[in-house]
Amino acid sequence: MPSDARILIVDDHKDTLYALESALAPLGYLLGRATSGDEALKQVLRGKVGLLLLDVRMPGVSGLDVVRYMRRLEQTQHIPIILLTGFGPDHELTATAFGLGVADLVMKPIDPWSLRTKVRYLFDAHQRQRALEQEVRELRALVKDHTEPAKPAPRPALPHPDARVPPQRAQGAHTGELEQDRT
């Protein structure tokens, strides 16, 4: 499926960025990189990001801060996110991450085969969802165009109700003049 969406890899360590890019290169997807949470948010907000691989602990804006911000915006709330951590199992982090709606939390060092499998599944599912949403919008537009009622032909103007009453009667009916004419 041709797509201009890319996978954004975010980590403050350049060697980790390189390792993740090398692990994902065999998939053939477009890859982007960012070295901070701020830079990641800027790229995500520009659009064309179909999946985010995001380090949890970075100086400045942390990975969790990025996730919190993205989940508040309609345009970014459905982008799948895989959080990466090198600090071992942490139940509080796990609960927070999944509570924010991340797709997965992966411990470093990362198994490249496992990461490729997860990324392929999440990225392709997100792309299929976007394609279906676009198709639904297009079909709704077509249906709307075909189901809008045609503008009805203009109706002839109805005569005013007083036009049906003979003029003599209408003029004197209220004043009693008609009664006087008869006598």
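The values are calculated or read from the model by the stated rules, or taken from the named source; none is laboratory data. Quick caveat: nothing in here was measured; it's all calculated off a predicted structure. All Cβ positions, glycine included, derive from the backbone under ideal geometry; neighbour counts span all protein chains shown. In case anyone asks, the SASA skips ligands and DNA or RNA and just uses the protein heavy atoms, side chains included. Shrake-Rupley method; radii C 1.70, N 1.55, O 1.52, S 1.80 Å.
What ranking, highest mean first, results for peptides 77-85, 43-51, 106-114 when packing means the other Cβ atoms within 10 Å averaged over each residue? Walk me through the intermediate numbers first.
Working: 77-85: 19.8, 43-51: 17.1, 106-114: 13.4.
Going from most to least packed, we get 77-85, 43-51, 106-114.
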Cross-link reach list, lysines versus residue 108, counting only Cα pairs under 22 Å and skipping chain neighbours closer than eight places: 14, 118
When the gyration tensor of segment 1-117 is built from Cα positions, what are the square roots of 5 times its three eigenvalues, in whole Å, from largest to smallest? 19, 18, 13
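Per residue, how much accessible surface does segment 95-150 expose to a 1.4 Å probe? Answer in Å², no decimals.
On the way: 4010 Å² over 56 residues.
Counting only protein heavy atoms, the per-residue value for segment 95-150 is 72 Å².
Could you provide, to the nearest whole Å², the per residue accessible area of segment 1-77 with probe 1.4 Å? Don't skip to the end; give the middle numbers.
Working: 3830 Å² over 77 residues.
I get 50 Å² per residue for segment 1-77.
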